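Below: the structure, in C-alpha cells.
The values are calculated or read from the model by the stated rules, or taken from the named source; none is laboratory data. On a predicted model such as this, the values are computed, not experimentally measured, just so you know. For neighbour counting, all protein chains shown are included, and Cβ atoms are generated from backbone atoms with ideal geometry for every residue, glycine included. Accessible surface is based on the protein model in full, side chains and every heavy atom, while ligands, DNA and RNA are left aside. Shrake-Rupley method; radii C 1.70, N 1.55, O 1.52, S 1.80 Å.
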Amino acid sequence: MALRWGIVSVGLISSDFTTVLRTLPRSEHQVVAVAARDLSRAEEFARKHDIPKAYGSYEELAKDLNVEVAYIGTQHPQHKPTVLLCLAAGKAVLCEKPMGVNAAEVREMVAEARSRGLFLMEAIWTRFFPAVEALRSVLAQGTLGDLRVIRAEFGKNLTNVPRSIDWAQAGGGLLDLGIYCLQFISMVFGGQKPEKISAVGRHYETGVDDTVSVLLQYPGGVHGSFTCSITAPLSNMVSVSGTKGLAQILSPCWCPTELVVKGEHKEFPLPPAPDKEFNFTNGMGMIYEAKHVRECLQKGLKESPVIPLAESELLADILDEVRKAIGITFPQDKH
Ligand SMILES: NC(=O)C1=CN([C@@H]2O[C@H](COP(=O)(O)OP(=O)(O)OC[C@H]3O[C@@H](n4cnc5c(N)ncnc54)[C@H](OP(=O)(O)O)[C@@H]3O)[C@@H](O)[C@H]2O)C=CC1
Ligand SMILES: O=C1OC[C@@H](O)[C@H](O)[C@H]1O
C-alpha cells in the first residue's frame, strides 16, 4: 500500500524532497497534496511535481483525509505551528531539521505526538546514508578500539541566503549547520547527555551566530568538538578517533557518500537521479529517510529508532545551552 504524503510549503527543500519521493515506486510512495501560504504558488508547485491537490493554506492540507503523513518544509520558526497543526489533524509528521527553535518547542511537539499516538520524526537525513550506517557498524565492531575524540565541522558562506542571516527566522549556523555536527557526536557517544558543554563564537551583524566552536565532555573521559559557520568555509568532515585507529566521514559530511576507516576508502554512491534537479547538495540522499519513514509506519512505530524523539530533545537541549553560552536568543526563548 502506498504511503500518501502531503507537502507543507513549497520552498527549496520541499521541492527536493518531492522530487525524491517521485523517483520511488508509486506502489510505495505517492505525493497526494501540497500546501503553501499562497494558492498560486501551491498550484505551480503541484503542476511542476504532478501533485493532484494544491491548497492555499496548511490548514486545508491538514484536513485532507487522503494525506497520511505530512512533510514539513517551512523555515525553522514555522516548524512547531505546522507540526502541531498536522498532529492535531491526526497526521504522521516528518519535520525538517531543526525540528524546533529551542528545546521547549521540541518537547511540546513530542508531547503532542505521544499524547495522540502519532509518528513524529526530525528529518536528520544524514543518519540514513549508507556511509553513516557503515560508520555505526565500524563503531559497533570495535574497529577503532576505545574511543577518545570526535571532531566535526560544517561551514559555508550562507550570507546570501536570507533565512540564514535572518534573526526573526532563527537564522545562524548552530540550528542550521551545527545540528549536523552535534548529531554525529551524539550518535557516536550513544545519545548520552554531555557532562560539560563549553562554547565560543562570534555574532553576525544581524544578531545570529556567525562562527561557533563547541566542546562537549561525555562520561568516560571522552569528548567531542565541532565548529559551524555561515561565513567561513570549513572542512565539512567528521573524524572519529579511538585507540586502534581513525575513521572519517568525508565532505559533504551532512550528506556523505565516502567513509575512510584506518586508511581504507569506501564509497557509497547515491542512487542514480537522471535529469533530476536539486536545490541542495546530494538531494537524492533524502530517499533514505523517506524509505525509513514508510518502514516505521508499516511497523506501527511512533518514532524512529535511528533518530528517536528523545534524541531530538537532547540535541535541542545542547543547542539551547550553546546559544546561551554565546549570547544568542530568539523570540521563542522568551516564552
Ligand atoms: N535536509 C536538508 O538538506 C535541508 C534542510 N533544510 C531545512 O528545511 C527548512 C526550509 O529550508 P528552505 O527550503 O531553504 O527554506 P525556503 O527559504 O525555501 O522557505 C521554505 C518555506 O518557508 C516559508 N517561509 C519563507 N519565509 C517565511 C517567513 N518569513 N515567514 C513564514 N514562512 C516563511 C515559505 O512557505 P510557503 O511555501 O508556504 O510560502 C517557504 O516556501 C529549514 O528549516 C532548513 O533547516 C534546508 C535545506 C537543506
Ligand atoms: O540542511 C542544510 O544543508 C545544507 C545547507 O546549505 C542548508 O542551509 C541547511 O539547511
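When 284, 1 are compared by accessible surface with a 1.4 Å probe, the order from highest to lowest is 1, 284. Phi angles of the stretch 52-62 translate, via the Karplus equation with coefficients 6.51, -1.76, 1.60 and θ = phi - 60°, into HN-Hα couplings of x, 10, 10, 10, x, 7, 5, 4, 5, 5, 4 Hz per residue; Gly and Pro are given as x.
Per residue, how much accessible area does the stretch 130-267 show when a 1.4 Å probe rolls over the protein heavy atoms, in square angstrom?
On a per-residue basis, the stretch 130-267 sits at 41 Å².
Loop-located GluC sites (Glu not before Pro) in the stretch 15-99 (DSSP state not H, G, I, E or B) with no more than 15 neighbouring Cβ atoms inside 10 Å: 28. Compactness of the stretch 3-122 is given as radius of gyration and Dmax, 13.2, 38 Å, from Cα positions.
Shape analysis of the chain based on the Cα gyration tensor places the equivalent ellipsoid semi-axes at 31, 23, 19 Å, largest first.
Helices in the chain, meaning DSSP H runs of at least 4 residues, each add -39500 (n - 2.57). Divided by all residues, the mean residue ellipticity at 222 nm is -9500 deg cm²/dmol.
Here's how it looks for residue 31: its modeled amide H is under 5 Å from those of 5, which are all 5 or more places away or on a different chain. Along the stretch 161-177 the Karplus relation, 6.51 cos²θ - 1.76 cosθ + 1.60 evaluated at θ = phi - 60°, assigns HN-Hα couplings of 9, x, 5, 6, 10, 8, 4, 5, 9, 6, x, x, x, 4, 6, 8, 10 Hz to successive residues, with x for each Gly and Pro. Note on residue 244 and residue 88: their simple-model spin labels are 5.3 nm apart, each label 7 Å out from Cα toward Cβ.
Looking at the stretch 231-335, the pairs of alpha carbons with a distance over 24 Å make up 52% of the total. Restriction of the chymotrypsin sites (Phe, Trp or Tyr not before Pro) in the stretch 240-335 to DSSP coil positions whose beta-carbon has at most 12 other beta-carbons within 10 angstrom yields no sites. A Förster radius of 35 Å combined with the Cβ-Cβ distance from residue 279 to residue 141 puts the calculated FRET efficiency at roughly 0.45.
Which FRET efficiency value, to the nearest 0.05, is calculated for residue 115 and residue 266 with the Förster distance at 41 angstrom and r the Cβ-Cβ distance? It comes out at approximately 0.45.
Nonpolar atom fraction for the chain, defined as the carbon and sulfur part of the 1.4 Å probe accessible area, stands at 51 percent. Amide H contacts of residue 158 (H built 1.01 Å from N, in plane; Pro and chain starts excluded): 231 sit under 5 Å, all sequence-distant by 5 or more or on other chains. Close amide H pairs (under 5 Å, H built 1.01 Å from N) link residue 218 with 195, 223, 224, residues at least 5 positions away or on another chain.
Full extension of the segment from residue 108 to residue 148, taken as 0.36 nm per residue of separation minus the current Cα-Cα distance, would add 10.9 nm.
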